[in-house]
1. Within the range 122-142, track down each residue that is surrounded by 14 or more Cβ atoms within 10 Å (Cβ to Cβ), in a loop (DSSP other than H, G, I, E, B) and out of contact with any helix residue (DSSP H, G or I) (no Cβ under 6 Å at 6 or more places or on another chain).
2. Are any residues in the range 9-31 of a type in the set (Lys, Arg) and either touching a strand residue (DSSP E or B) at 6+ places or on another chain (Cβ under 6 Å) or in a loop (DSSP other than H, G, I, E, B) (or both), and if so, which ones?
3. What do you reckon, is Ala72 in contact with a Gly (Cβ under 8 Å, 6 or more places away or on another chain), touching a residue at least 12 places away in the same chain (Cβ under 8 Å) and either among the small types (Gly, Ala, Ser) or farther than 20 Å from Leu131 by Cα (or both)?
4. Which one of the conditions (1) buried (at least 16 other Cβ atoms within 10 Å of the Cβ); (2) in contact with a strand residue (DSSP E or B) (Cβ under 6 Å, 6 or more places away or on another chain); (3) without any contact (Cβ under 8 Å) to a residue 24 or more places away in the chain does Asn97 fail to meet, given that it meets all the rest?
5. Would you check which residues across the range 2-46 are at pLDDT 95 or above, out of contact with any helix residue (DSSP H, G or I) (no Cβ under 9 Å at 6 or more places or on another chain) and among the hydrophobic types (A, V, I, L, M, F, W, C) and list them?
6. Taking the range 162-185, which residues are in contact with a helix residue (DSSP H, G or I) (Cβ under 8 Å, 6 or more places away or on another chain) and either under 25 Å from Leu113 (Cα atoms) or among the aliphatic types (A, V, I, L, M) (or both)?
7. Looking only at the range 125-165, filter to residues that are of a type in the set (A, V, I, L, M) and more than 20 Å from the chain's Cα centre (by Cα); which one of those is nearest to Gln181 (Cα to Cα)?
8. Within 17 Å of the chain's Cα centre (by Cα) and either aliphatic (A, V, I, L, M) or within 17 Å of Ala161 (Cα to Cα) (or both): is that true of Glu100 in this structure?
Amino acid sequence: MSRTLRTFIAVDLALTPPLRSVLRELNEMGRAIRAVTPDNLHITLKFLGEINASLLRTIDAVISEVASRYEAFDMTIEGLGAFPKTERPTVIWAGLNHAEPLIKFASELTTDLKSLGFPPERRPLHPHVTLARVKSKPPPEYFALMANHEETPFGHVAVEAIKLYQSELKKTGPVYSVMNQVSLA
């Protein structure tokens, strides 16, 4: 019997001091907001969900093929936002500028993975870094934080590798393990 793994494809993100400060503020807002563990910050390119472990080599080959078409590049992290909207958030995120290569990469990855049975996303990729999940009505401090950091620069991201992660859901939050890493040209 084959085992299944919960997986996603992403870019790592180094925690900058300004992002660390925002995560600390989010953590201090009580139970309504659950900040991401700093070690878990990443930019998701494609959530694969539960996959059969026998597909890992094929997925790795697709990632390697797409990565071979790209050189390393930089993006900037700037501003805070929320899905679906700031007034009624479920996810708080930091935005990314100069992310066109990442959007193109994700699009090609989605196209190439389609033949393996992974459906394309319903919405276009909105590159972002998830900082927190909102469980209930946010406190007033949340709205002040969002207003204060609408356009704040948080640093740079050097995109040099793409990683395939396994995500294990635990009571304390998700635990991510790198299964494969592919360097950009």
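The values are calculated or read from the model by the stated rules, or taken from the named source; none is laboratory data. A quick note: this is a predicted structure, and the numbers were derived from the prediction, not measured. Glycine gets a Cβ as well: all are built from the backbone with ideal geometry, and neighbour counts include every protein chain shown.
1. So in the range 122-142, the residues surrounded by 14 or more Cβ atoms within 10 Å (Cβ to Cβ) come out as 125, 127-134, 138-139, 141-142.
Going one step further and asking which of them are in a loop (DSSP other than H, G, I, E, B), we end up with 125, 127, 138-139.
Across the range 122-142, the qualifying residues are Pro138, Pro139.
2. From the range 9-31, those of a type in the set (Lys, Arg) are 20, 24, 31; that's our starting set.
Passing the criteria: only Arg31.
3. Working: in contact with a Gly (Cβ under 8 Å, 6 or more places away or on another chain): no; touching a residue at least 12 places away in the same chain (Cβ under 8 Å): yes; either among the small types (Gly, Ala, Ser) or farther than 20 Å from Leu131 by Cα (or both): yes.
When the stated conditions are applied, Ala72 does not pass them.
4. (1)
5. Of everything in the range 2-46, those that are at pLDDT 95 or above, out of contact with any helix residue (DSSP H, G or I) (no Cβ under 9 Å at 6 or more places or on another chain) and among the hydrophobic types (A, V, I, L, M, F, W, C) turn out to be Phe8, Ala10.
6. Initially, the range 162-185 is screened for residues in contact with a helix residue (DSSP H, G or I) (Cβ under 8 Å, 6 or more places away or on another chain), giving 162, 164, 173-174, 176, 179-180, 182-185.
Answer for the range 162-185, where residues must be in contact with a helix residue (DSSP H, G or I) (Cβ under 8 Å, 6 or more places away or on another chain) and either under 25 Å from Leu113 (Cα atoms) or among the aliphatic types (A, V, I, L, M) (or both): Ile162, Leu164, Pro174, Tyr176, Met179, Asn180, Val182, Ser183, Leu184, Ala185.
7. Going residue by residue through the range 125-165, those that are of a type in the set (A, V, I, L, M) are 125, 129, 131-132, 134, 144-147, 157-159, 161-162, 164.
Checking the rest, the ones that are also more than 20 Å from the chain's Cα centre (by Cα) come to 144-145, 147.
Values: Ala144: 38, Leu145: 35, Ala147: 37 Å.
For the range 125-165, the residue satisfying everything is Leu145.
8. Numbers: within 17 Å of the chain's Cα centre (by Cα): yes; either aliphatic (A, V, I, L, M) or within 17 Å of Ala161 (Cα to Cα) (or both): yes.
It is true that Glu100 is within 17 Å of the chain's Cα centre (by Cα) and either aliphatic (A, V, I, L, M) or within 17 Å of Ala161 (Cα to Cα) (or both).
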